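The values are calculated or read from the model by the stated rules, or taken from the named source; none is laboratory data. If you're wondering where the values come from, they're calculated on a predicted model, not measured in any experiment. We place every Cβ from the backbone using ideal geometry, glycine too, and count neighbours over all the protein chains shown.
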Number of protein chains: 2
Amino acid sequence: MPANILVVEDEPAIQELLALNITQAGHNAMRALSAEIAQKLMRETTPDLILLDWMLPGISGLEFARILKSDGLTKSIPIIMLTARGDEYDKVRGLEVGADDYVTKPFSPRELNARIKAVLRRRAPQMTDDPIEVAGLRLDPTTHRVTGNQKTIDLGPTEFRLLHFFMTNAERVHTRSQLLDKVWGDRVFVEDRTVDVHIRRLRNALAISGHEDLIQTVRGAGYRLSEKND
Amino acid sequence: MPANILVVEDEPAIQELLALNITQAGHNAMRALSAEIAQKLMRETTPDLILLDWMLPGISGLEFARILKSDGLTKSIPIIMLTARGDEYDKVRGLEVGADDYVTKPFSPRELNARIKAVLRRRAPQMTDDPIEVAGLRLDPTTHRVTGNQKTIDLGPTEFRLLHFFMTNAERVHTRSQLLDKVWGDRVFVEDRTVDVHIRRLRNALAISGHEDLIQTVRGAGYRLSEKND
DNA sequence: AATATTTGTCACGAATATGTCATATTGAAG
DNA sequence: CTTCAATATGACATATTCGTGACAAATATT
């Protein structure tokens, strides 16, 4: 089960390394160079796990962890701290503010992946896999099935991911490039307008269950999934 | 991220020194020799931070801070007080009226910059795009929706940005060229008069929720969003 | 290998937004 | 009450954004 993992690391080389590991393990990597950037990203998508460097420009890793853990919306997101080797003091303080685990730099990919897996498994029951229901639509991530009004809706892989994303981020407007990032992933060699085409395909598919105006276009901004059709 | 910092200091030499520090730190310095002048400047641009001298001719620094903190429009602007060395009494009273930090004169550039940075960082999380509510109007940047009196208000992209700007800078008069700068951005190839037209379009749209006189014209100056219709 | 499905791009018309002008209206000074 | 500049408003040509069908390349399925 692929998870969204947010990497907060200011050193580009290390960030790249971390992201590489994550994607190779079958997950999706979101990157931030600072806590501030991370906060911005999290407004769009809630990650399933955060890899947080101890040393950061601006808000430090420790501060950021404390901020996240004191906010009801984010406190359940597990955090893995990245600390310098052997700094036992940091380790303790990191765990104190609520980090779920820590990894010392330099780290081995094997170790890192093991810990990611462990943390995700620990919280797995509550996480994904739960069917989502929005506006009379039901999407089951495990069976890869979508139903609406007793009708089964057939979707291609891309349309499925697109709808999945819309349903987990309902009511919010997403620009085309945001959608490309979140739904298509790293393959940024795709034109913005391609999104339009897939939106149409998704709309067509949703039409058979009567969900005509579920995906709305916001001119000059992007698209939105919403029940209210005004 | 460059910030607008307002320096309120009556001693020219010190003011110059402060401004120099600020610009060298990559920020933009606005200067005022008194609280009165500062108020005038703030009618045009809202600073991100105010450096406020304790001793001022006319309205004192203490009074000015209290005024700023008791006004809904300005109370969220952080203030750093400049006090004479060792005047612990002033320090306490300064923080009492809502100053976010203080620096004792004579100060080291290093210390000053550190405190500026700290205060700006602390305030960063508040730069969110939460829904804004003004005068019974509600604008949500994430869902791109505007409502007033239970009615949904439909806006074109430009009108949306325009209203967004007005709502985040309510009660203030904006000249046409200021609006072109802030709302239109770089595209300066647009006539001043064009603003009039968009103002009208915005007014039309707001009419359906009964907000007739929300956008007021100030002859010879510009436009203003204000609840009071006088 | 043959066939079906999915995917990205394009072209073109439709829908909508934008900027400018000409003209009407307003407001303030004299 | 005039006069004049500033602003409001309607109309319109232009520009931009979207929706849609077609199509060929890439992938998966048989």
>> Looking at B:Asp181 and the list (1) assigned to a helix (DSSP H, G or I); (2) farther than 22 Å from B:Pro47 by Cβ; (3) among the acidic types (Asp, Glu), which single condition is not satisfied?
In response: (2)
> Counting only residues that are buried (at least 18 other Cβ atoms within 10 Å of the Cβ), of a type in the set (A, V, I, L, M, F, W, C) and within 13 Å of DNA strand D (Cβ to nearest atom), how many does segment A:174-203 have?
Replying inline: 4
> Would it be correct to say that A:His211 is more than 10 Å from DNA strand D (Cβ to nearest atom) and touching a residue at least 60 places away in the same chain (Cβ under 8 Å)?
Replying inline: yes
>> If I filter segment A:167-180 down to residues being more than 14 Å from chain B (Cβ to nearest Cβ) and under 15 Å from the mean Cα position of the chain (by Cα), which single residue comes out as nearest to A:Gly220 (Cα to Cα)?
In response: A:Leu179
> Are any residues in segment A:36-59 at the interface with chain B (Cβ under 10 Å from one of its Cβ atoms), over 10 Å from the mean Cα position of the chain (by Cα) and within 25 Å of A:Lys117 (Cα to Cα), and if so, which ones?
Replying inline: A:Gln39, A:Arg43
> Name the residues in segment B:150-166 that are surrounded by fewer than 19 Cβ atoms within 10 Å (Cβ to Cβ) and more than 14 Å from every other protein chain (Cβ to nearest Cβ), would you?
Replying inline: B:Phe165
> Does segment B:190-204 contain at least one residue that is within 11 Å of DNA strand C (Cβ to nearest atom) and either in a loop (DSSP other than H, G, I, E, B) or within 20 Å of B:Thr46 (Cα to Cα) (or both)?
Replying inline: yes
> Which one of the conditions (1) closer than 20 Å to A:Val218 by Cβ; (2) under 20 Å from the mean Cα position of the chain (by Cα); (3) of a type in the set (A, V, I, L, M, F, W, C) does B:Val134 fail to meet, given that it meets all the rest?
Replying inline: (1)
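A quick yes/no check of all residues on (1) modelled with pLDDT under 85; (2) under 24 Å from the mean Cα position of the chain (by Cα); (3) more than 14 Å from every other protein chain (Cβ to nearest Cβ):
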{"site": "A:Lys182", "(1), (2), (3)": "yes, yes, yes"}
{"site": "A:Asp186", "(1), (2), (3)": "yes, yes, yes"}
{"site": "A:Glu191", "(1), (2), (3)": "no, yes, yes"}
{"site": "A:His211", "(1), (2), (3)": "no, no, yes"}
{"site": "A:Gly222", "(1), (2), (3)": "no, yes, no"}
{"site": "A:Ser226", "(1), (2), (3)": "no, yes, no"}
